[in-house]
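Worksheet: the structure to be examined is printed underneath.
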Amino acid sequence: MPALWIVAILLALAAAGYLAGRARAIRSAGGDRRNMHSLPSYYGANVAMTVLIPALGLLVLWSLIQPSLIERSIADDIPAAAIGGDTTLDLMMADVRRVAGGLDQLGTPTLITKPAEAPSEEFLSGLREDLGSVGVALASDIAPGVFRAARSYQLAEANGRFWMTIAVLGVGVLGLAAAYAVTNREFRARNVVERGILAGLILCALIAILTTLGIVLSMLFETQNFFSQYSWTEFFFGLEWAPDFRGNSSLSIIPLLWGTLYISLIALLVAVPIGLFAAIYLSEYASPRMRTYAKPMIEVLAGIPTIVYGLFALITVGPILRDYFALPMGIGESASSVATAGVVMGVMLIPFVSSLSDDIINAVPQAMRDGSFGLGATHSETIRQVVIPAALPGIVGAILLAASRAIGETMIVVLGAGAAAAQFNRGLGELVNPFEAMTTVTVKIVSQLTGDTDFASPETLVAFALGLTLFVITLGLNVLALYIVRKYREQYE
Amino acid sequence: MNDLALAAKTEAALKPKISAKGVDVYYADNHAIKNVDVNILDKTVTAFIGPSGCGKSTFLRCLNRMNDTIDIARIEGEILLDGEDIYDPKVDPVQLRAKVGMVFQKPNPFPKSIFDNVSYGPRIHGMARNKAELEEIVESALRRAALWDEVKDRLLAPGTGLSGGQQQRLCIARAVATAPEVLLMDEPCSALDPIATAQIEELIDELRQNYSLVIVTHSMQQAARVSQKTAFFHLGNLVEYGETGHIFTNPEDSRTEAYITGRIG
């Protein structure tokens with residue numbers, strides 16, 4: 001039975017349990033809800049909860065564990081001799097899974113009764129055509145070994161699914177019976193439901209944390225893989241980025257990191273003053289009417305997809321910067337440049353800085369401003385010397401948050417600054433020239449992974465090392481932001 | 001003190017420092033202060049008493065134009081400081097507030113060091129020519145506020161780390177450091193315990209030597225203890241104004257009597 005059906009049956013059971021539990025509780029109280037410990041709906045909810053949670057939990061666990069168990073036992077059955085030449089166990093298992101899936105779709109288990117029975121040649125090539133007709137295209141004829149493995153895979157899976165249905169529905173029914181049995185007017189259903197809700201909240205928090213952990217771990221494995229093929233000193237301290245898919249590449253993070261930091265720096269130089277001053281205007285000077293219009297309009301900037309910003313950089317900002325600054329000054333002739341990407345990214349970040357800073361400035365108590373006005377300070381003196389220092393930790397947090405956005409940005413860089421890594425061997429002048437094309441870590445991650453690539457070469461795996469390094473940098477920035485905000489907040493209250 | 005000096009002092013005390021004539025305040029449509037006339041004397045503590053919402057704080061805030069920061073407030077009438085109309089367009093409210101300092105209900109030290117809190121006013125008004133002078137001003141202000149001995153070893157510690165009573169004295173020191181002529185205090189002790197309150201009251205009595213003080217208070221005992229003049233506000237009207245002893249022992253208006261004996265309020 002497909003999982004969807006199991007879930008539907010469980011939901012129906014839960015609904016029935018809700019009504020039955022509620023009715024039983026009311027009956028045990030003689031129809032008077034004042035005699036019950038909890039409101040009737042809590043009794044119903046308790047039964048529904050006891051039906052759903054253990055059963056769904058089992059369903060999820062079973063679905064996660066079953067495939068790997070089956071795969072392991074099948075892989076053990078494949079003779080070592082069948083592997084070799086141009087195939088590996090992984091590739092073979094992928095074939096087994098596809099054939100098994102195809103057989104499921106064909107629904108022809110009657111053709112072959114036993115998995116061990118040796119299938120004939122013409123049967124196998126016929127099967128290949130049949131599988132092709134249901135969308136499972138195979139490159140070559142099915143090897144007898146693969147066919148046998150696929151058959152046992154298919155059987156084991158059907159078997160597992162059958163037992164899973166029984167077990168999950170059994171747990172659901174058991175839960176229903178147990179919860180129904182304990183339901184009476186004195187049962188503290190409200191407390192139990194509250195605990196259930198708490199458990200649900202904790203689960204959601206855990207999922208968020210575990211996902212982060214999972215991301216880090218998956219990156220970590222591939223990164224380890226990369227460093228087993230490429231020297232880490234070369235990666236972190238080398239000065240050249242020259243990937244070559246025929247091998248012998250130079251894969252150093254420094255040129256890319258330089259591009260990332262340089263573009264981010266320009267972006268922050270644009271975004272921080274403009275965003276901060278906009279926030280000061282909005283929170284301190286603007287009339288309420290002005291605020292109600294201006295604030296949402298600034299925040300619209302945050303809703304524009306970055307690819308649109310990229311187009312803006314490509315067709316508008318880039319040519320303007322080239323024609324009015326770079327060419328007259330004679331320091332660059334490309335529209336794709338650090339400055340283009342930086343300026344456009346800065347515009348993208350303005351709402352981050354301004355919106356957060358605005359909230360923080362508004363949170364500075366009016367008593368601070370009154371105190372300053374009462375001493376004869378002007379409005380701008382008050383802002384400069386009292387409001388901004390009081391809001392500073394929050395503002396720094398906002399800036400660091402914007403910085404981690406800038407570091408992770410990709411689309412604007414691709415379209416605005418190009419895809420050529422900084423070249424350290426051409427001298428410092430070119431490195432710090434803002435009208436030079438340059439690229440960032442994120443762009444290179446994309447370009448190393450796109451196209452027809454082989455997932456085992458260092459040229460591809462380097463993407464994971466780059467990604468992990470970037471993750472560590474932004475994580476560090478976020479931790480720093482949190483630390484600053486927390487440290488100074490105490491002093492302020 | 002010889003007779004001549006005493007006579008000079010009495011005369012100075014009798015000359016009104018602030019005189020308000022026909023002051024009306026509106027918050028949007030709400031008529032908060034109705035036609036108030038009052039003369040506040042120099043080197044005197046004047047207490048404003050009255051039930052909550054009677055307009056005493058509003059009136060206090062008119063005296064240094066703090067109501068300017070509230071958009072919907074509108075003020076009519078005339079308030080003279082040393083004979084000059086403070087609502088005259090020629091008057092810079094910022095300059096005025098340097099002359100008429102204010103201490104608020106809740107201690108509101110800035111999130112800066114104790115030294116920076118006190119030196120804030122002198123710095124923005126350019127009152128010190130060099131660091132030494134600034135330090136002198138800070139020390140004398142802290143001494144006046146009876147806080148010097150408690151904080152002299154930790155002037156660079158944050159002002160927000162002090163206790164509530166110390167914070168309020170810090171705010172008084174901050175106000176005193178700008179050398180104001182009048183000091184307005186809006187319920188300066190309402191957030192403090194009795195011991196801190198007693199310290200502040202003692203301080204108010206000492207500050208009377210140099211300044212004209214106006215204090216808004218909800219505590220009638222406090223008004224009786226620290227003030228020489230008392231004004232009783234009720235529903236936006238100035239009901240009665242006179243010698244403190246007189247108001248508390250022999251009020252002329254029945255509403256004043258009802259309030260100080262606890263029958264309304």
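Report the rotationally averaged projected area of chain A based on its alpha-carbon convex hull, in square nanometres. Please list the in-between numbers first.
Details: hull surface 146.4 nm².
Computed as one quarter of the Cα hull surface, the answer is 36.6 nm².
State the Cα centre-to-centre distance between region A:359-396 and region B:86-151 in whole Å.
Result: 16 Å between the Cα centres.
Using alpha carbons only, how many angstrom separate the centre of region A:231-251 from the centre of region A:320-337?
With region A:231-251 and region A:320-337 each reduced to a Cα centre, they are spaced 31 Å.
For the protein assembly as shown, with the dipole built from +1 on Lys and Arg beta-carbon atoms and -1 on Asp and Glu ones, taken about the Cα centre, which of A:ILE331, A:LEU64, A:TYR483 lies farthest toward the positive end?
A:LEU64
Over region A:236-492, with the other protein chains present, what is the accessible area per residue in square angstrom, probe 1.4 angstrom?
Values: 11650 Å² over 257 residues.
With all protein chains present, region A:236-492 gives 45 Å² per residue.
Distance in nm between label sites at A:LEU106 and A:VAL7, each 7 Å beyond Cα in the beta-carbon direction?
3.1 nm
How do B:249-262, B:97-110 rank on mean C-beta neighbours within 10 Å, highest first?
Values: B:249-262: 14.9, B:97-110: 23.4.
Output ranking for B:249-262, B:97-110: B:97-110, B:249-262.
In deg cm²/dmol and to the nearest 500, what is the mean residue ellipticity at 222 nm of chain A if only DSSP H runs of at least 4 residues count, each as -39500 (n - 2.57), divided by the residue total? All intermediate terms of the calculation are to be shown ahead of the outcome.
Working: 19 runs with 351 residues, N = 493.
Dividing the helical sum by the residues of chain A leaves -24000 deg cm²/dmol.
Rounded to the nearest 20 Debye, what is the dipole magnitude of the protein assembly as shown about its Cα centre when Lys and Arg each give +1 and Asp and Glu each give -1 at the C-beta?
Details: 59 positive and 73 negative charges, 394 e Å.
I would put it at about 1900 debye.
Just subtract the alpha-carbon distance of A:VAL446 and A:ALA15 from 0.36 nm times their residue separation and send over the number in nm, one decimal.
Numbers: separation 431, 0.36 × 431 = 155.16 nm, distance 4.78 nm.
That pair, A:VAL446 and A:ALA15, stretches by 150.4 nm at full extension.
Just tell me which aspartates and glutamates come within less than 18 Å, Cα to Cα, of B:LYS112; anything on the same chain fewer than 8 places away is out.
A:ASP370, A:GLU381, A:GLU490, A:GLU493, B:GLU135, B:GLU139, B:GLU150, B:ASP153
Rounded, prolate or oblate for region A:308-420? Axes are the square roots of the Cα gyration tensor eigenvalues, ordered a ≥ b ≥ c, and the cut-off for rounded is a/c under 1.5. List each step's numbers first, then the result.
Working: a/c = 4.05, a/b = 2.38, b/c = 1.70.
Prolate is the answer for region A:308-420, as a/c is 1.5 or above and a/b outweighs b/c.
Taking a cut-off of 26 Å, what percent of all Cα-Cα pairs in region A:3-187 are separated by more than that?
On the way: 8605 of 17020 pairs.
Counting every Cα pair in region A:3-187, those more than 26 Å apart make up 51 percent.
With each pseudo-label sitting 7 Å past Cα toward Cβ, what's the A:HIS379-B:GLU76 distance in nm, one decimal?
Inter-label distance under the simple model: 2.6 nm.
What does the net charge come to around A:ILE65 if you take all other residues with beta carbon closer than 15 Å to its beta carbon, with K and R at +1 and D and E at -1? Could the numbers behind the result be given before it?
Details: positive: A:ARG72, A:ARG161; negative: A:GLU71, A:GLU157.
Computed value for this residue: 0.
From the helices alone, meaning DSSP H stretches of at least four residues, give me the mean residue ellipticity at 222 nm for chain B, per-run term -39500 (n - 2.57), in deg cm²/dmol to the nearest 500. All intermediate terms of the calculation are to be shown ahead of the outcome.
Working: 11 runs with 103 residues, N = 265.
Value at 222 nm, helices only, nearest 500: -11000 deg cm²/dmol.
Ignoring ligands, DNA and RNA, how much accessible area is buried between chains A and B, both sides summed, with a 1.4 Å probe, to the nearest 100 Å²?
Values: alone 26730 and 12720 Å², together 37690 Å².
For A against B, buried area totals roughly 1800 Å².
Can you divide the C-alpha Rg of region A:397-459 by 2.2 N^0.38 Å and report the result to two decimal places?
Values: Rg = 14.3 Å, N = 63, 2.2 N^0.38 = 10.6 Å.
Dividing the Cα radius of gyration by 2.2 N^0.38 Å gives 1.35.
Just list whichever of B:LYS99/B:LYS229; B:LYS34/B:LYS229; B:LYS43/B:LYS152 have alpha carbons separated by over 23 Å in the model shown. Each step should come with its number before you reach the end.
On the way: B:LYS99/B:LYS229 21 Å; B:LYS34/B:LYS229 20 Å; B:LYS43/B:LYS152 29 Å.
Over 23 Å apart, Cα to Cα: B:LYS43/B:LYS152.
How many nm is it between the label spots at B:ASP205 and B:ASP88, if each spot is 7 Å from the Cα in line with the beta carbon?
3.9 nm
At a 1.4 Å probe radius, which order do A:PHE455, B:PHE232 fall into by accessible area, largest first? Write out the running numbers ahead of the final one.
Details: A:PHE455 120, B:PHE232 0 Å².
If we order A:PHE455, B:PHE232 from most to least accessible, we get A:PHE455, B:PHE232.
With charges only on Cβ, +1 for K and R and -1 for D and E, what is the dipole size of region A:3-187 about its Cα centre, in debye, rounded to 20?
Details: 14 positive and 16 negative charges, 316 e Å.
Dipole magnitude for region A:3-187 comes out near 1520 debye.
Run a plain Debye calculation on region A:236-492 (Cα atoms as equal point scatterers, no solvent) and give log10 I(q)/I(0) at q = 0.10, 0.12 Å⁻¹, rounded to two decimals, same order as the q list.
Calculated log10 I(q)/I(0) at the listed q: -0.58, -0.79.
Distance from a point 7 Å along Cα→Cβ of A:GLN229 to each backbone N in region A:248-268: keep the residues under 12 Å and list them by number.
A:248-249
Cα centroid distance between region A:164-178 and region B:182-246, in Å?
Answer, in whole Å: 76.
Per residue and in Å³, how big is the convex hull formed by the alpha-carbon atoms of region A:262-323? Don't skip to the answer; put the middle values down first.
Numbers: hull volume 6.7 nm³, N = 62.
Cα-based convex hull of region A:262-323, divided per residue, equals 108 Å³.
Give the lysines whose C-alpha is closer than 26 Å to that of A:LYS444, dropping any in the same chain fewer than 8 places away, or say none.
none
Counting only Cα atoms, I'd like the Rg/Rh figure for region B:158-256, Kirkwood definition for Rh.
When Rh is taken as the Kirkwood radius, the ratio is 1.01.
Compute the length gained on full extension between A:ARG486 and A:LEU206: take 0.36 nm times their separation in residues and subtract their Cα-Cα distance, giving the result in nm to one decimal. Can you show the working numbers first?
On the way: separation 280, 0.36 × 280 = 100.80 nm, distance 2.33 nm.
Stretched out fully, the A:ARG486 to A:LEU206 stretch lengthens by 98.5 nm.
Any idea what the relative contact order of chain A is, in percent, if you count C-alpha pairs under 8 Å spaced at least 6 apart?
Values: 609 pairs, mean separation 79.2, N = 493.
Value for chain A: 16 percent.
Within chain A, which whole H helices from DSSP have a Cα span along their axis of at least 18 Å and a mean Kyte-Doolittle hydropathy of -1.0 or more, if any? Walk me through the intermediate numbers first.
Numbers: long enough: A:3-28 (36 Å, 1.37); A:40-77 (56 Å, 0.82); A:89-106 (25 Å, 0.40); A:121-133 (19 Å, -0.52); A:144-182 (57 Å, 0.82); A:189-229 (59 Å, 1.23); A:254-280 (37 Å, 2.21); A:288-303 (23 Å, -0.13); A:338-363 (36 Å, 1.47); A:388-408 (30 Å, 1.65); A:458-492 (50 Å, 0.91).
Helices meeting the span and hydropathy rule in chain A are A:3-28, A:40-77, A:89-106, A:121-133, A:144-182, A:189-229, A:254-280, A:288-303, A:338-363, A:388-408, A:458-492.
Relative to the longest principal axis of chain B, what angle (0 to 90°, nearest 10) does the C-alpha long axis of helix B:3-14 take?
60 degrees
Straight-line reach from B:LYS15: which aspartates and glutamates have Cα under 12 Å away, leaving out those fewer than 8 places along the same chain?
B:ASP42, B:ASP82
Amide H neighbours of B:MET102 under 5 Å, at least 5 residues apart or on other chains, H built in the peptide plane: list them.
B:LEU184
The values are calculated or read from the model by the stated rules, or taken from the named source; none is laboratory data. Keep in mind that what you see is a predicted model, and the values were worked out from it rather than measured. As a convention, Cβ positions derive from the backbone with ideal geometry for all residues, glycine included, and neighbour counts pool all protein chains shown. Note: accessible area is taken over every heavy atom of the protein model, side chains too, but ligands, DNA and RNA are not part of it. Shrake-Rupley method; radii C 1.70, N 1.55, O 1.52, S 1.80 Å.
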